[in-house]
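Okay, so here's the structure we're looking at.
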Amino acid sequence: MNAKALIKFFVAISLLLALYFAALSSMVNAWYVDKEYSHGFLIPLISGYLIWTKRAVIRSTPILPDFKGYFILLLGIVLLLLGTIAFEPFTARISFLITVVGLVTLLFGRRLMMVFLFPISYLVFMIPPPHIVMKSIAVGLKLFNARVTARVLTLLGIPVFQEGANLELPNASLVVGDFCTGILSLIAIIAIAVLYAYLTQKSLLSRATLVVLSVPIAILGNTVRLITTVGLTYFYGERVLQSAIHEFHGTVNFLFTILFLALAGKLIRRIDEKITGVTP
Amino acid sequence: MRKNDHYFILACITLLIAGIYIGSVSRESRVRLAVPLEYLPQEFGEFKGQDVSPLRIAFDEPTADVRVVRVYAGNGGNQPIYVFVGYWENQNEKKRIKSPRYVAEGWGYYWIKTRTLSQGSGKEMQVKEFLNERGDKKELVYYCYIIKGKIVVDEYRSRVLTMLNSLVYGKNNAALLRVALPVANDVSLDRVEQYGEAFIRDFLPLLSSHLPT
(Lines give C-alpha, C1' and ligand atoms only; values in the text may rest on other atoms or scores of the structure.)
Protein backbone atom coordinates (compact mmCIF):
# COMPACT_ATOMS: atom_id res chain seq x y z
CA MET A 1 0.00 0.00 0.00
CA ASN A 2 1.64 3.29 -1.04
CA ALA A 3 1.58 6.70 0.63
CA LYS A 4 -0.84 8.21 -1.93
CA ALA A 5 -3.40 5.46 -1.31
CA LEU A 6 -3.08 5.97 2.44
CA ILE A 7 -3.59 9.73 2.13
CA LYS A 8 -6.73 9.20 0.05
CA PHE A 9 -7.98 6.69 2.58
CA PHE A 10 -7.45 9.13 5.45
CA VAL A 11 -9.29 11.89 3.57
CA ALA A 12 -12.20 9.51 3.00
CA ILE A 13 -12.13 8.43 6.66
CA SER A 14 -12.19 12.07 7.76
CA LEU A 15 -15.33 12.67 5.71
CA LEU A 16 -16.75 9.47 7.14
CA LEU A 17 -16.06 10.57 10.71
CA ALA A 18 -17.64 13.96 9.97
CA LEU A 19 -20.75 12.19 8.66
CA TYR A 20 -20.91 9.96 11.73
CA PHE A 21 -19.89 12.59 14.24
CA ALA A 22 -23.30 12.73 15.99
CA ALA A 23 -23.71 8.94 16.14
CA LEU A 24 -20.16 8.29 17.34
CA SER A 25 -19.98 11.14 19.84
CA SER A 26 -23.20 9.99 21.54
CA MET A 27 -21.74 6.49 21.64
CA VAL A 28 -18.54 7.70 23.31
CA ASN A 29 -20.72 9.62 25.77
CA ALA A 30 -22.57 6.38 26.55
CA TRP A 31 -19.21 4.70 27.31
CA TYR A 32 -18.41 7.51 29.69
CA VAL A 33 -21.77 7.81 31.40
CA ASP A 34 -22.88 4.16 31.62
CA LYS A 35 -20.62 1.86 33.61
CA GLU A 36 -21.79 -1.20 31.69
CA TYR A 37 -20.44 0.21 28.42
CA SER A 38 -17.12 1.53 29.69
CA HIS A 39 -15.32 -1.36 27.96
CA GLY A 40 -16.16 0.52 24.74
CA PHE A 41 -13.02 2.64 25.21
CA LEU A 42 -10.85 -0.45 24.84
CA ILE A 43 -12.47 -1.96 21.78
CA PRO A 44 -11.09 0.48 19.14
CA LEU A 45 -7.64 0.10 20.72
CA ILE A 46 -7.85 -3.68 20.45
CA SER A 47 -9.09 -3.38 16.88
CA GLY A 48 -6.19 -1.06 16.06
CA TYR A 49 -3.77 -3.50 17.63
CA LEU A 50 -5.19 -6.36 15.56
CA ILE A 51 -4.68 -4.30 12.39
CA TRP A 52 -1.15 -3.47 13.46
CA THR A 53 -0.32 -7.17 13.92
CA LYS A 54 -1.31 -7.70 10.29
CA ARG A 55 0.85 -4.89 8.91
CA ALA A 56 3.15 -7.23 6.97
CA VAL A 57 0.17 -8.88 5.28
CA ILE A 58 -1.42 -5.48 4.56
CA ARG A 59 1.78 -4.22 2.93
CA SER A 60 2.11 -7.27 0.76
CA THR A 61 -1.55 -7.48 -0.37
CA PRO A 62 -2.17 -5.80 -3.73
CA ILE A 63 -4.68 -2.97 -4.00
CA LEU A 64 -7.50 -3.95 -6.36
CA PRO A 65 -10.36 -1.40 -6.00
CA ASP A 66 -13.75 -3.10 -6.25
CA PHE A 67 -16.86 -1.19 -7.28
CA LYS A 68 -19.06 -3.66 -5.35
CA GLY A 69 -17.86 -1.84 -2.24
CA TYR A 70 -19.89 1.17 -3.34
CA PHE A 71 -23.14 -0.73 -2.84
CA ILE A 72 -22.05 -1.72 0.66
CA LEU A 73 -21.17 1.93 1.29
CA LEU A 74 -24.62 2.99 0.10
CA LEU A 75 -26.24 0.36 2.33
CA GLY A 76 -24.38 1.77 5.32
CA ILE A 77 -25.47 5.31 4.47
CA VAL A 78 -29.12 4.23 4.06
CA LEU A 79 -28.98 2.59 7.49
CA LEU A 80 -27.49 5.78 8.92
CA LEU A 81 -30.33 7.75 7.38
CA LEU A 82 -32.92 5.36 8.85
CA GLY A 83 -31.24 5.38 12.23
CA THR A 84 -30.96 9.18 12.31
CA ILE A 85 -34.48 9.93 11.16
CA ALA A 86 -36.04 7.33 13.44
CA PHE A 87 -33.76 8.25 16.38
CA GLU A 88 -32.47 4.71 16.60
CA PRO A 89 -28.87 5.19 17.72
CA PHE A 90 -28.06 1.48 17.49
CA THR A 91 -28.94 1.37 13.77
CA ALA A 92 -26.93 4.52 13.10
CA ARG A 93 -23.88 3.16 14.94
CA ILE A 94 -23.98 -0.28 13.32
CA SER A 95 -24.17 1.42 9.92
CA PHE A 96 -20.75 2.91 10.65
CA LEU A 97 -19.14 -0.54 10.45
CA ILE A 98 -20.96 -1.34 7.22
CA THR A 99 -19.92 1.97 5.67
CA VAL A 100 -16.28 1.36 6.65
CA VAL A 101 -16.41 -2.11 5.06
CA GLY A 102 -17.87 -0.55 1.91
CA LEU A 103 -15.22 2.17 1.81
CA VAL A 104 -12.32 -0.25 2.27
CA THR A 105 -13.68 -2.62 -0.37
CA LEU A 106 -14.26 0.24 -2.81
CA LEU A 107 -10.82 1.80 -2.41
CA PHE A 108 -8.62 -1.22 -1.67
CA GLY A 109 -10.51 -4.29 -2.86
CA ARG A 110 -11.90 -7.47 -1.39
CA ARG A 111 -8.60 -9.17 -0.64
CA LEU A 112 -7.45 -6.34 1.58
CA MET A 113 -10.96 -6.10 3.07
CA MET A 114 -10.72 -9.74 4.17
CA VAL A 115 -7.53 -8.88 6.06
CA PHE A 116 -9.33 -6.05 7.86
CA LEU A 117 -12.58 -7.96 8.31
CA PHE A 118 -12.09 -9.30 11.82
CA PRO A 119 -10.62 -6.09 13.32
CA ILE A 120 -13.49 -4.04 11.83
CA SER A 121 -16.13 -6.59 12.87
CA TYR A 122 -14.71 -6.61 16.39
CA LEU A 123 -15.75 -2.96 16.68
CA VAL A 124 -19.33 -4.22 17.07
CA PHE A 125 -18.54 -4.72 20.75
CA MET A 126 -18.06 -1.01 21.25
CA ILE A 127 -21.69 -0.35 20.26
CA PRO A 128 -24.13 -0.38 23.19
CA PRO A 129 -26.96 -2.81 22.37
CA PRO A 130 -30.49 -1.44 22.21
CA HIS A 131 -32.00 -0.81 25.64
CA ILE A 132 -34.97 -2.99 24.72
CA VAL A 133 -32.69 -6.00 24.11
CA MET A 134 -30.67 -5.47 27.29
CA LYS A 135 -33.76 -5.16 29.43
CA SER A 136 -35.35 -8.26 27.88
CA ILE A 137 -32.27 -10.29 28.74
CA ALA A 138 -32.05 -8.79 32.23
CA VAL A 139 -35.69 -9.64 33.03
CA GLY A 140 -35.16 -13.28 32.04
CA LEU A 141 -31.80 -13.54 33.80
CA LYS A 142 -33.22 -12.07 37.01
CA LEU A 143 -35.79 -14.81 37.38
CA PHE A 144 -33.38 -17.54 36.29
CA ASN A 145 -30.73 -16.40 38.77
CA ALA A 146 -33.25 -16.12 41.59
CA ARG A 147 -34.64 -19.60 40.94
CA VAL A 148 -31.27 -21.32 40.67
CA THR A 149 -29.92 -19.48 43.73
CA ALA A 150 -32.94 -20.52 45.79
CA ARG A 151 -32.73 -24.16 44.67
CA VAL A 152 -29.02 -24.49 45.35
CA LEU A 153 -29.24 -22.83 48.75
CA THR A 154 -32.18 -25.04 49.69
CA LEU A 155 -30.15 -28.11 48.75
CA LEU A 156 -27.36 -26.80 50.94
CA GLY A 157 -29.78 -26.56 53.85
CA ILE A 158 -30.23 -22.78 53.89
CA PRO A 159 -33.90 -21.80 54.28
CA VAL A 160 -34.76 -19.42 51.46
CA PHE A 161 -38.08 -18.59 49.85
CA GLN A 162 -38.10 -17.32 46.30
CA GLU A 163 -40.92 -15.36 44.75
CA GLY A 164 -40.11 -13.77 41.43
CA ALA A 165 -36.86 -11.88 41.83
CA ASN A 166 -37.20 -11.74 45.62
CA LEU A 167 -35.30 -14.02 47.96
CA GLU A 168 -36.53 -14.20 51.54
CA LEU A 169 -34.12 -15.37 54.24
CA PRO A 170 -35.08 -15.64 57.91
CA ASN A 171 -32.89 -12.61 58.64
CA ALA A 172 -33.07 -10.60 55.41
CA SER A 173 -35.02 -9.85 52.24
CA LEU A 174 -33.03 -9.63 49.06
CA VAL A 175 -33.95 -8.59 45.55
CA VAL A 176 -32.09 -9.72 42.45
CA GLY A 177 -31.70 -6.38 40.74
CA ASP A 178 -30.74 -5.67 37.14
CA PHE A 179 -27.20 -5.06 38.33
CA CYS A 180 -27.10 -8.54 39.88
CA THR A 181 -27.99 -10.36 36.68
CA GLY A 182 -24.50 -10.13 35.27
CA ILE A 183 -25.84 -8.47 32.13
CA LEU A 184 -23.29 -5.70 32.61
CA SER A 185 -20.35 -8.06 32.32
CA LEU A 186 -21.88 -10.45 29.79
CA ILE A 187 -21.04 -8.29 26.79
CA ALA A 188 -17.51 -7.65 28.02
CA ILE A 189 -16.99 -11.38 28.58
CA ILE A 190 -18.27 -12.22 25.11
CA ALA A 191 -15.94 -9.57 23.65
CA ILE A 192 -13.01 -11.12 25.52
CA ALA A 193 -14.09 -14.60 24.41
CA VAL A 194 -14.24 -13.56 20.75
CA LEU A 195 -10.76 -12.03 20.91
CA TYR A 196 -9.32 -14.97 22.84
CA ALA A 197 -10.90 -17.42 20.42
CA TYR A 198 -9.53 -15.53 17.43
CA LEU A 199 -6.01 -15.39 18.81
CA THR A 200 -5.73 -18.90 20.25
CA GLN A 201 -8.03 -21.22 18.32
CA LYS A 202 -7.21 -22.44 14.84
CA SER A 203 -10.46 -23.76 13.41
CA LEU A 204 -13.72 -21.87 12.95
CA LEU A 205 -15.57 -24.60 14.87
CA SER A 206 -13.35 -24.33 17.92
CA ARG A 207 -13.59 -20.54 17.85
CA ALA A 208 -17.38 -20.66 17.62
CA THR A 209 -17.53 -23.28 20.40
CA LEU A 210 -15.50 -21.13 22.75
CA VAL A 211 -17.59 -18.03 22.05
CA VAL A 212 -20.85 -19.92 22.55
CA LEU A 213 -19.51 -21.46 25.78
CA SER A 214 -18.63 -18.02 27.13
CA VAL A 215 -22.31 -17.24 27.66
CA PRO A 216 -23.13 -20.12 30.05
CA ILE A 217 -19.74 -19.64 31.74
CA ALA A 218 -20.59 -15.98 32.37
CA ILE A 219 -24.09 -16.79 33.61
CA LEU A 220 -22.79 -19.60 35.81
CA GLY A 221 -20.12 -17.34 37.25
CA ASN A 222 -22.70 -14.73 38.14
CA THR A 223 -25.02 -17.32 39.67
CA VAL A 224 -22.17 -18.54 41.87
CA ARG A 225 -21.67 -14.95 42.96
CA LEU A 226 -25.34 -14.64 43.89
CA ILE A 227 -25.34 -17.93 45.76
CA THR A 228 -22.29 -16.84 47.73
CA THR A 229 -23.76 -13.42 48.50
CA VAL A 230 -27.08 -14.81 49.70
CA GLY A 231 -25.33 -17.56 51.65
CA LEU A 232 -23.04 -15.07 53.38
CA THR A 233 -26.04 -12.85 54.15
CA TYR A 234 -27.74 -15.81 55.84
CA PHE A 235 -24.73 -16.42 58.08
CA TYR A 236 -23.53 -12.86 58.71
CA GLY A 237 -26.57 -10.67 58.11
CA GLU A 238 -27.34 -7.77 55.81
CA ARG A 239 -24.09 -5.99 56.66
CA VAL A 240 -22.49 -8.28 54.05
CA LEU A 241 -24.35 -6.30 51.37
CA GLN A 242 -22.78 -3.03 52.53
CA SER A 243 -19.32 -4.49 53.00
CA ALA A 244 -16.26 -4.51 50.77
CA ILE A 245 -16.95 -8.20 50.10
CA HIS A 246 -20.07 -7.35 48.12
CA GLU A 247 -18.36 -4.39 46.51
CA PHE A 248 -15.45 -6.39 45.08
CA HIS A 249 -17.19 -9.70 44.75
CA GLY A 250 -18.22 -8.81 41.24
CA THR A 251 -14.65 -8.03 40.18
CA VAL A 252 -13.29 -11.24 41.71
CA ASN A 253 -16.07 -13.17 40.05
CA PHE A 254 -15.31 -11.56 36.70
CA LEU A 255 -11.66 -12.59 36.98
CA PHE A 256 -12.62 -16.16 37.85
CA THR A 257 -14.93 -16.21 34.82
CA ILE A 258 -12.05 -15.12 32.61
CA LEU A 259 -9.92 -17.86 34.15
CA PHE A 260 -12.57 -20.48 33.37
CA LEU A 261 -12.80 -19.12 29.87
CA ALA A 262 -9.05 -19.49 29.44
CA LEU A 263 -9.21 -23.08 30.73
CA ALA A 264 -12.09 -23.84 28.39
CA GLY A 265 -10.04 -22.37 25.54
CA LYS A 266 -7.08 -24.62 26.34
CA LEU A 267 -9.32 -27.68 26.52
CA ILE A 268 -11.04 -26.90 23.23
CA ARG A 269 -7.69 -26.34 21.55
CA ARG A 270 -6.35 -29.70 22.81
CA ILE A 271 -9.47 -31.47 21.53
CA ASP A 272 -9.22 -29.65 18.20
CA GLU A 273 -5.56 -30.65 17.83
CA LYS A 274 -6.35 -34.28 18.63
CA ILE A 275 -9.16 -34.36 16.10
CA THR A 276 -7.22 -32.65 13.31
CA GLY A 277 -3.89 -34.24 14.21
CA VAL A 278 -2.21 -30.85 13.93
CA THR A 279 0.01 -29.60 16.76
CA PRO A 280 1.96 -26.31 16.71
CA MET B 1 -7.16 9.00 -14.01
CA ARG B 2 -6.83 5.58 -12.47
CA LYS B 3 -9.72 3.50 -11.18
CA ASN B 4 -8.73 4.14 -7.59
CA ASP B 5 -8.85 7.93 -8.12
CA HIS B 6 -12.34 7.63 -9.65
CA TYR B 7 -13.59 5.55 -6.76
CA PHE B 8 -12.01 7.89 -4.26
CA ILE B 9 -13.76 10.93 -5.75
CA LEU B 10 -17.04 8.99 -5.93
CA ALA B 11 -16.75 7.98 -2.28
CA CYS B 12 -15.99 11.54 -1.18
CA ILE B 13 -18.89 13.01 -3.16
CA THR B 14 -21.26 10.35 -1.79
CA LEU B 15 -20.17 11.00 1.79
CA LEU B 16 -20.53 14.77 1.34
CA ILE B 17 -24.00 14.53 -0.21
CA ALA B 18 -25.07 12.06 2.50
CA GLY B 19 -23.86 14.43 5.20
CA ILE B 20 -25.74 17.40 3.74
CA TYR B 21 -28.95 15.40 3.18
CA ILE B 22 -28.99 13.68 6.56
CA GLY B 23 -28.24 16.98 8.28
CA SER B 24 -31.24 18.59 6.56
CA VAL B 25 -33.79 15.83 7.24
CA SER B 26 -32.95 15.04 10.86
CA ARG B 27 -35.19 17.76 12.22
CA GLU B 28 -37.75 17.07 14.87
CA SER B 29 -41.34 17.84 13.99
CA ARG B 30 -43.71 18.10 16.94
CA VAL B 31 -47.34 17.02 16.66
CA ARG B 32 -49.78 18.47 19.18
CA LEU B 33 -52.70 16.56 20.65
CA ALA B 34 -56.10 16.76 18.94
CA VAL B 35 -57.68 17.39 22.37
CA PRO B 36 -55.67 17.96 25.59
CA LEU B 37 -55.36 14.82 27.70
CA GLU B 38 -56.56 16.59 30.83
CA TYR B 39 -60.01 16.63 29.18
CA LEU B 40 -60.11 12.83 29.24
CA PRO B 41 -63.38 12.13 31.08
CA GLN B 42 -63.01 11.50 34.77
CA GLU B 43 -66.41 9.82 34.69
CA PHE B 44 -67.68 7.47 32.01
CA GLY B 45 -69.90 4.40 32.16
CA GLU B 46 -69.59 2.89 35.62
CA PHE B 47 -66.13 4.37 36.25
CA LYS B 48 -65.12 7.45 38.21
CA GLY B 49 -61.59 8.73 38.46
CA GLN B 50 -59.34 11.40 39.90
CA ASP B 51 -55.88 12.70 39.09
CA VAL B 52 -53.12 11.46 41.36
CA SER B 53 -49.35 11.75 41.66
CA PRO B 54 -47.26 9.27 39.59
CA LEU B 55 -45.80 8.03 42.89
CA ARG B 56 -49.16 6.43 43.70
CA ILE B 57 -48.94 4.17 40.69
CA ALA B 58 -45.20 3.36 40.92
CA PHE B 59 -44.82 4.04 37.23
CA ASP B 60 -43.85 7.16 35.37
CA GLU B 61 -42.38 8.25 32.09
CA PRO B 62 -41.04 11.73 32.78
CA THR B 63 -39.89 12.23 29.19
CA ALA B 64 -43.50 12.37 27.93
CA ASP B 65 -44.56 15.83 26.76
CA VAL B 66 -47.99 15.35 28.29
CA ARG B 67 -49.03 12.79 30.86
CA VAL B 68 -52.14 12.00 32.83
CA VAL B 69 -52.06 9.79 35.92
CA ARG B 70 -55.37 8.79 37.45
CA VAL B 71 -57.04 6.28 39.69
CA TYR B 72 -60.43 5.04 38.56
CA ALA B 73 -62.92 2.81 40.32
CA GLY B 74 -66.14 1.17 39.15
CA ASN B 75 -69.50 0.91 40.81
CA GLY B 76 -68.16 -1.93 42.97
CA GLY B 77 -65.66 0.57 44.36
CA ASN B 78 -63.21 -1.91 45.82
CA GLN B 79 -60.95 -2.42 42.83
CA PRO B 80 -58.86 0.65 41.96
CA ILE B 81 -57.57 1.01 38.42
CA TYR B 82 -54.32 2.94 38.06
CA VAL B 83 -54.05 4.61 34.68
CA PHE B 84 -51.05 6.23 33.04
CA VAL B 85 -51.39 7.95 29.69
CA GLY B 86 -48.29 9.53 28.16
CA TYR B 87 -48.05 11.39 24.87
CA TRP B 88 -44.83 12.25 23.08
CA GLU B 89 -45.18 15.07 20.53
CA ASN B 90 -41.87 13.87 19.10
CA GLN B 91 -39.18 11.44 20.15
CA ASN B 92 -35.41 11.53 20.06
CA GLU B 93 -32.51 9.75 21.68
CA LYS B 94 -33.07 11.47 25.00
CA LYS B 95 -36.84 11.47 24.94
CA ARG B 96 -38.61 8.30 23.86
CA ILE B 97 -41.20 5.82 25.01
CA LYS B 98 -39.86 2.96 27.13
CA SER B 99 -41.87 -0.20 27.41
CA PRO B 100 -43.81 -0.80 30.66
CA ARG B 101 -42.48 -4.38 30.47
CA TYR B 102 -39.21 -3.14 31.87
CA VAL B 103 -40.49 -2.92 35.36
CA ALA B 104 -39.08 -1.16 38.39
CA GLU B 105 -36.36 -2.72 40.52
CA GLY B 106 -37.61 -5.68 42.56
CA TRP B 107 -40.66 -6.32 40.37
CA GLY B 108 -40.89 -9.14 37.85
CA TYR B 109 -43.30 -11.27 35.88
CA TYR B 110 -43.46 -14.88 34.68
CA TRP B 111 -45.73 -14.43 31.71
CA ILE B 112 -46.78 -11.79 29.25
CA LYS B 113 -49.47 -12.26 26.63
CA THR B 114 -51.43 -10.43 23.97
CA ARG B 115 -55.14 -10.10 24.68
CA THR B 116 -57.70 -9.42 21.99
CA LEU B 117 -60.72 -7.50 23.27
CA SER B 118 -63.89 -7.21 21.23
CA GLN B 119 -65.47 -3.79 21.04
CA GLY B 120 -68.73 -4.97 19.55
CA SER B 121 -69.89 -4.68 15.91
CA GLY B 122 -67.00 -6.90 14.85
CA LYS B 123 -64.26 -4.51 16.01
CA GLU B 124 -61.37 -5.78 18.06
CA MET B 125 -58.43 -4.26 19.86
CA GLN B 126 -55.29 -5.78 21.28
CA VAL B 127 -53.44 -5.04 24.49
CA LYS B 128 -50.47 -6.64 26.22
CA GLU B 129 -51.07 -8.17 29.64
CA PHE B 130 -48.73 -9.35 32.38
CA LEU B 131 -48.87 -10.01 36.11
CA ASN B 132 -46.28 -7.84 37.81
CA GLU B 133 -45.11 -9.18 41.19
CA ARG B 134 -42.97 -8.06 44.06
CA GLY B 135 -43.01 -10.19 47.17
CA ASP B 136 -46.67 -10.61 48.04
CA LYS B 137 -47.75 -7.56 45.98
CA LYS B 138 -49.27 -8.25 42.61
CA GLU B 139 -50.71 -6.04 39.92
CA LEU B 140 -52.25 -6.97 36.62
CA VAL B 141 -50.86 -4.65 33.98
CA TYR B 142 -52.23 -3.91 30.53
CA TYR B 143 -50.52 -1.63 28.05
CA CYS B 144 -50.45 -0.61 24.42
CA TYR B 145 -48.96 2.05 22.19
CA ILE B 146 -51.00 4.29 19.91
CA ILE B 147 -49.17 5.44 16.81
CA LYS B 148 -50.94 7.43 14.13
CA GLY B 149 -54.32 6.17 15.23
CA LYS B 150 -53.19 2.51 15.32
CA ILE B 151 -53.04 0.44 18.50
CA VAL B 152 -49.76 -1.48 18.60
CA VAL B 153 -48.73 -3.99 21.26
CA ASP B 154 -45.41 -5.30 20.00
CA GLU B 155 -42.33 -3.26 20.96
CA TYR B 156 -40.43 -4.06 17.79
CA ARG B 157 -43.42 -3.32 15.59
CA SER B 158 -43.88 0.00 17.33
CA ARG B 159 -40.24 0.84 16.59
CA VAL B 160 -40.60 -0.08 12.92
CA LEU B 161 -43.83 1.92 12.63
CA THR B 162 -42.20 4.92 14.31
CA MET B 163 -39.26 4.65 11.91
CA LEU B 164 -41.57 4.47 8.87
CA ASN B 165 -43.61 7.45 10.07
CA SER B 166 -40.39 9.43 10.53
CA LEU B 167 -39.28 8.61 7.01
CA VAL B 168 -42.57 9.14 5.23
CA TYR B 169 -44.20 11.93 7.29
CA GLY B 170 -41.25 13.41 9.19
CA LYS B 171 -43.02 12.80 12.50
CA ASN B 172 -42.61 10.27 15.28
CA ASN B 173 -45.27 11.21 17.83
CA ALA B 174 -46.82 8.38 19.85
CA ALA B 175 -48.83 7.63 22.98
CA LEU B 176 -48.60 4.98 25.70
CA LEU B 177 -51.47 3.66 27.79
CA ARG B 178 -50.73 1.62 30.93
CA VAL B 179 -53.51 0.29 33.13
CA ALA B 180 -52.70 -1.51 36.38
CA LEU B 181 -55.05 -3.29 38.76
CA PRO B 182 -53.80 -4.51 42.15
CA VAL B 183 -54.60 -8.18 42.69
CA ALA B 184 -55.46 -9.01 46.27
CA ASN B 185 -54.81 -12.54 47.52
CA ASP B 186 -58.49 -13.26 48.09
CA VAL B 187 -59.60 -12.13 44.63
CA SER B 188 -59.42 -14.38 41.59
CA LEU B 189 -57.27 -13.24 38.69
CA ASP B 190 -60.12 -13.94 36.26
CA ARG B 191 -62.34 -11.46 38.05
CA VAL B 192 -59.66 -8.77 37.99
CA GLU B 193 -59.07 -9.47 34.29
CA GLN B 194 -62.75 -9.09 33.47
CA TYR B 195 -62.87 -5.80 35.33
CA GLY B 196 -59.69 -4.47 33.73
CA GLU B 197 -60.78 -5.45 30.25
CA ALA B 198 -64.19 -3.85 30.69
CA PHE B 199 -62.41 -0.62 31.66
CA ILE B 200 -60.04 -0.71 28.70
CA ARG B 201 -62.88 -1.44 26.24
CA ASP B 202 -64.55 1.81 27.32
CA PHE B 203 -61.43 3.91 27.94
CA LEU B 204 -59.33 3.22 24.85
CA PRO B 205 -61.80 4.67 22.31
CA LEU B 206 -62.10 7.78 24.51
CA LEU B 207 -58.32 8.15 24.57
CA SER B 208 -58.00 7.60 20.81
CA SER B 209 -60.29 10.56 20.16
CA HIS B 210 -57.78 12.84 21.95
CA LEU B 211 -54.83 11.72 19.88
CA PRO B 212 -53.88 13.02 16.43
CA THR B 213 -54.29 10.55 13.57
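The table below gives the values:
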item	result
Region A:1-60 - residue that is among the small types (Gly, Ala, Ser) and under 17 Å from the mean Cα position of the chain (by Cα) and, of those, modelled with the lowest pLDDT	A:Ser38
Filtered residues of region B:157-183 (kept if of a type in the set (Lys, Arg) and either free of Cβ contacts under 8 Å to residues at least 40 places away in the same chain or under 17 Å from B:Tyr82 (Cα atoms) (or both))	B:Arg157, B:Arg159, B:Arg178
Single match in B:Ser99, B:Ser158, B:Ser118 (criterion: more than 29 Å from A:Lys142 (Cβ to Cβ), of a type in the set (S, T, N, Q) and either away from chain A (no Cβ under 14 Å) or open to solvent by less than 40 Å² (accessible area, probe 1.4 Å) (or both))	B:Ser118
Scan of region B:84-101 for residues that are modelled with pLDDT of 90 or more, out of contact with any Phe, Trp or Tyr (no Cβ under 6 Å at 6 or more places or on another chain) and outside any loop (DSSP other than H, G, I, E, B), ordered by number	B:Val85, B:Gly86, B:Tyr87, B:Trp88
Checking B:Tyr21 against (1) of a type outside the set (Asp, Glu); (2) part of a helix (DSSP H, G or I); (3) under 28 Å from the mean Cα position of the chain (by Cα), the condition it does not meet	(3)
Unmet requirement for A:Ile58, which otherwise passes all of (1) surrounded by 12 or more Cβ atoms within 10 Å (Cβ to Cβ); (2) within 14 Å of chain B (Cβ to nearest Cβ)	(2)
Filtered residues of region B:132-149 (kept if surrounded by fewer than 19 Cβ atoms within 10 Å (Cβ to Cβ) and over 28 Å from B:Trp88 (Cα atoms))	B:Gly135, B:Asp136, B:Lys137
Any pair with Cβ under 6 angstrom, 6 or more apart, that starts in region A:114-138 at a residue that is in contact (Cβ under 8 Å) with a residue 12 or more places away in the chain and over 22 Å from A:Asn222 (Cβ atoms) and ends at one that is among the basic types (Lys, Arg) and open to solvent by less than 50 Å² (accessible area, probe 1.4 Å)	A:Val115/A:Lys54; A:Ile127/A:Arg93
Some residue of region A:75-86 being more than 9 Å from chain B (Cβ to nearest Cβ), exposed (fewer than 12 other Cβ atoms within 10 Å of the Cβ) and more than 23 Å from A:Leu186 (Cβ to Cβ)	no
Total residues in region B:166-176, condition under 18 Å from B:Ile22 (Cβ atoms) and open to solvent by less than 20 Å² (accessible area, probe 1.4 Å)	2
Tally of residues being open to solvent by 20 Å² or more (accessible area, probe 1.4 Å) and within 7 Å of another protein chain (Cβ to nearest Cβ) across region A:89-111	1
Matching residues in region B:102-115 - criterion: being aliphatic (A, V, I, L, M) and either more than 14 Å from chain A (Cβ to nearest Cβ) or part of a strand (DSSP E or B) (or both)	B:Ile112
Positions within region B:67-82 being among the aromatic types (Phe, Trp, Tyr) and open to solvent by 30 Å² or more (accessible area, probe 1.4 Å), in sequence order	B:Tyr82
Any hit, region B:45-68, residues being over 15 Å from B:Gly86 (Cβ atoms), at pLDDT below 90, aromatic (Phe, Trp, Tyr) and over 17 Å from the mean Cα position of the chain (by Cα)	no
Cross-chain or 6+ apart pairs with Cβ under 9 Å, region A:164-185 first and in contact (Cβ under 8 Å) with a residue 60 or more places away in the chain and facing another protein chain (nearest Cβ under 7 Å), then basic (Lys, Arg) and surrounded by fewer than 21 Cβ atoms within 10 Å (Cβ to Cβ)	none
Test: residue in region B:15-27 that is surrounded by 14 or more Cβ atoms within 10 Å (Cβ to Cβ), of a type outside the set (S, T, N, Q) and within 30 Å of B:Leu206 (Cα to Cα)	no
Lone unmet requirement of (1) in contact with a helix residue (DSSP H, G or I) (Cβ under 8 Å, 6 or more places away or on another chain); (2) away from chain B (no Cβ under 12 Å) for A:Ala150	(1)
Filtered residue count, region A:30-42, keeping only those that are open to solvent by 90 Å² or more (accessible area, probe 1.4 Å) and either outside any helix (DSSP H, G or I) or not aliphatic (A, V, I, L, M) (or both)	3
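Each row is one residue, and each column tells you yes or no for (1) without any contact (Cβ under 8 Å) to a residue 60 or more places away in the chain; (2) open to solvent by less than 30 Å² (accessible area, probe 1.4 Å).
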position: B:Leu10; (1), (2): yes, no
position: B:Ser29; (1), (2): no, no
position: B:Pro36; (1), (2): no, no
position: B:Asp65; (1), (2): yes, no
position: B:Phe84; (1), (2): no, yes
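The values are calculated or read from the model by the stated rules, or taken from the named source; none is laboratory data. Given the structure is predicted, the values throughout are model-derived calculations rather than measurements. Glycine also receives a Cβ, built like all others from the backbone with ideal geometry; neighbour counts cover every protein chain displayed. Ligands, DNA and RNA are stripped out before the accessible areas are found, and what is left, the full protein with its side chains, is counted by its heavy atoms. Shrake-Rupley method; radii C 1.70, N 1.55, O 1.52, S 1.80 Å.
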